[in-house]
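The values are calculated or read from the model by the stated rules, or taken from the named source; none is laboratory data. All values derive from a computational prediction rather than experimental measurement. Heads up, the Cβs are rebuilt from the backbone with ideal geometry, glycines too, and the neighbour counts pull from every protein chain shown. These area figures cover heavy atoms from the full protein model, side chains too; ligands, DNA and RNA do not enter into them. Shrake-Rupley method; radii C 1.70, N 1.55, O 1.52, S 1.80 Å.
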Amino acid sequence: MLALRYHSIGDLAGLGLEEIPAPVPAAGEVLVRIRAASLNPVDWKIATGSFRLLVRGGVPRTMGSDFAGEIAAIGSSVATFAPGDRVFGFIDPFRRAGGTFAEFAAVPVRFAHRLPDEVGYVDAAALACVGATAVTLCNLGHVGTGSKVLVNGASGGVGHLAVQVASARGASVTATASAARHDFIRSLGVNACIDYRTVPMTRWPGDFDAVLDCVPNIPRAEQRRLLGRKGHYVTTVPNAATLLLDPLVNLCGGARRHGVMLRPDPGVMNEVLGYVAQGRLRCAIEREFPLQLARDAVERSRSGRVQGKIALVI
């Protein structure tokens, strides 16, 4: 099978397509014939060395975490799926060297979710990780009817879905994006826009019930100013303070800080699919690339200027 692989961590010089044997699903795994995948910045940041301390499994590695396709084979002890079933989801790119930018991928069964016939492979692959992240952001931020929410980085992959999930839950959403993308984020349900290029962060309004930082780049002092007395700040990239210090500080009351640690959760995926079925959630796909041009797709993602998501059609 074809796969997008790299043999060292630190740069992308050796990233390229290779012909390798298709994996064999182990016990508790399914073999997925990948029909579509999508890029998340974490995919190439692992390759460039941004998360060296978190990566397990060594090299070579196949890039990719999001997927959609159908079951080609099942490992022993798998009773919930059969060959031919349509599935989608994401794998843990830190712990698995066999990623999803390939024609086949072995996926732990808990990471595979049934895909309704009404949802196409490309849309499902684009939604998998960022849709789950958006719902998790809103869960940690206690976003609900009447919440006053700030989404920082609202035109990106996670951000534009966080806007829609918050709006679907009945929140009033303020969002940051460049002026050129204000029409785009308003079409998603944003109530007020901030041009981060011309309005300094110190002049952003405050008293939010939840700040969902999808960049993330809001300093801790600004987090406090932006939040109401019992508000919640949630980051998509937790650091040591978020993981070790903030859980203790949160016990003292007042504003709270949280970090997204994504895990497979059927309830979260069902919420994502429910919004899709209701027409309240759509993933904007900036461009689709064939697997043969996956290297170009990675470079586009690295530009940091993607509106929505980039998909791979396999």
- prompt: Cβ-Cβ below 6 Å, separation at least six or inter-chain, first residue in the range 36-60 and closer than 18 Å to residue 291 by Cα, second part of a helix (DSSP H, G or I) and hydroxyl-bearing (Ser, Thr, Tyr): which pairs?
  reply: 36/121; 39/301
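Residues in the range 185-195 that are open to solvent by 20 Å² or more (accessible area, probe 1.4 Å), under 16 Å from residue 149 (Cβ atoms) and in contact with a helix residue (DSSP H, G or I) (Cβ under 8 Å, 6 or more places away or on another chain): how many?
2
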query: For the range 95-143, what are the residues that are touching a His at 6+ places or on another chain (Cβ under 9 Å) and part of a loop (DSSP other than H, G, I, E, B)?
result: 141, 142, 143
task: Only residues that are loosely packed, with under 14 Cβ neighbours inside 10 Å and more than 30 Å from residue 215 (Cα to Cα): list them for the range 40-81, please.
output: 76, 77, 79, 80
- prompt: Would you call residue 89 of a type in the set (Gly, Ala, Ser), in a loop (DSSP other than H, G, I, E, B), on the phi > 0 side of the Ramachandran plot and within 18 Å of the chain's Cα centre (by Cα)?
  reply: no
query: Among all residue pairs at least 6 apart or on different chains, which show Cβ distances below 7 Å where the first residue, located in the range 293-312, is touching a residue at least 60 places away in the same chain (Cβ under 8 Å) and the second is of a type in the set (S, T, N, Q) and not in a helix (DSSP H, G or I)?
result: 307/155; 309/38; 310/38; 311/38; 312/38
message: Regarding the range 25-39, can at least one residue be identified that is assigned to a loop (DSSP other than H, G, I, E, B) and open to solvent by 30 Å² or more (accessible area, probe 1.4 Å)?
response: yes
task: Consider only pairs whose beta carbons are under 7 Å apart and that are at least six residues apart or on different chains; among these, list those whose first residue lies in the range 10-28 and is aliphatic (A, V, I, L, M) and whose second residue is open to solvent by 70 Å² or more (accessible area, probe 1.4 Å) and assigned to a loop (DSSP other than H, G, I, E, B).
output: 27/76; 27/77
message: Show the residue pairs meeting these rules: Cβ distance below 6 Å; 6+ apart or different chains; first residue within the range 90-118 and open to solvent by less than 20 Å² (accessible area, probe 1.4 Å); second residue modelled with pLDDT of 95 or more and basic (Lys, Arg).
response: 115/86
- line: Quick count over the range 196-225, residues being hydrophobic (A, V, I, L, M, F, W, C) and closer than 17 Å to residue 146 by Cβ, is 4
